[in-house]
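The values are calculated or read from the model by the stated rules, or taken from the named source; none is laboratory data. Since this is a predicted model, take the numbers as computed values, not measurements. In this analysis, Cβ positions are derived from the backbone assuming ideal geometry, glycine residues included, and neighbour counts consider all displayed protein chains.
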Amino acid sequence: MGPRFPVHVEPIRFGGEIRYWKPERAGGLAVVDVPVEYIEALGGLKQQRVRGTIASVDFASNVMPAGGGGLTLSVSRVMMKAAGAAVGDVVELEITAVGRADPD
């Protein structure tokens with residue numbers, strides 16, 4: 001399990017194509033692959049909560065192992081709509097915090 005409270009990290013900026021987790025299904029979970037050089041900064045190959053921006057719109061989501069040594073960011077329909085993006089689009093992302101939000 002990741003940190004209980006978000007840990008602010010040096011902003012991690014990258015671009016990536018939104019794709020389906022299982023492309024053969026042409027539906028379901030949408031993700032963006034995290035470049036290999038940022039995996040360690042995000043806590044390695046494990047599921048973590050993250051915060052940042054997609055196309056300059058704030059989001060809270062998860063990164064998760066993708067198999068083969070990769071990590072992906074889950075991109076919800078709400079995130080895509082807010083960013084004006086769809087599966088197949090390339091978006092600019094910035095991750096600024098890793099960990100869970102304060103549960104209040």
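Brief remarks on what is shown
- Counted residues, the range 76-88 - those being touching a helix residue (DSSP H, G or I) at 6+ places or on another chain (Cβ under 9 Å) and either surrounded by fewer than 14 Cβ atoms within 10 Å (Cβ to Cβ) or under 18 Å from LEU45 (Cα atoms) (or both): 1
- Whichever residue in the range 20-55 is small (Gly, Ala, Ser) and in contact with a strand residue (DSSP E or B) (Cβ under 7 Å, 6 or more places away or on another chain) and, among such residues, is nearest to GLY99 (Cα to Cα): GLY43
- Given (1) free of Cβ contacts under 8 Å to residues at least 60 places away in the same chain; (2) buried (at least 17 other Cβ atoms within 10 Å of the Cβ); (3) over 10 Å from the mean Cα position of the chain (by Cα), index of the condition PRO23 fails: (2)
- Among residues of the range 36-48, those that are surrounded by 15 or more Cβ atoms within 10 Å (Cβ to Cβ), on the phi < 0 side of the Ramachandran plot and not polar (S, T, N, Q), counted: 4
- Restricting the range 65-90 to residues that are aliphatic (A, V, I, L, M) and closer than 16 Å to ILE12 by Cβ leaves a set whose member that is farthest from the chain's Cα centre (by Cα) is LEU71.
- In the range 49-64, residue farthest from ALA26 (Cα to Cα) [restricted to those that are surrounded by fewer than 15 Cβ atoms within 10 Å (Cβ to Cβ) and within 11 Å of the chain's Cα centre (by Cα)]: ALA60
- Any hit, the range 91-99, residues being of a type in the set (A, V, I, L, M, F, W, C), surrounded by fewer than 16 Cβ atoms within 10 Å (Cβ to Cβ) and touching a residue at least 12 places away in the same chain (Cβ under 8 Å): no
- With respect to (1) crowded, with 17+ Cβ neighbours inside 10 Å; (2) outside any strand (DSSP E or B); (3) aliphatic (A, V, I, L, M), the lone exception for LEU71 is condition (2).
- Meets criteria (hydrophobic (A, V, I, L, M, F, W, C), modelled with pLDDT under 90, outside any loop (DSSP other than H, G, I, E, B) and within 12 Å of the chain's Cα centre (by Cα)) for ALA97: yes
- Matching residues in the range 14-59 - criterion: being of a type outside the set (Phe, Trp, Tyr), within 12 Å of GLU94 (Cα to Cα) and touching a helix residue (DSSP H, G or I) at 6+ places or on another chain (Cβ under 9 Å): VAL34, VAL50, THR53, ILE54, ALA55, SER56, VAL57, ASP58
- The single residue among ASP33, ASP58 that is closer than 18 Å to HIS8 by Cα, outside any helix (DSSP H, G or I) and not hydroxyl-bearing (Ser, Thr, Tyr) turns out to be ASP58.
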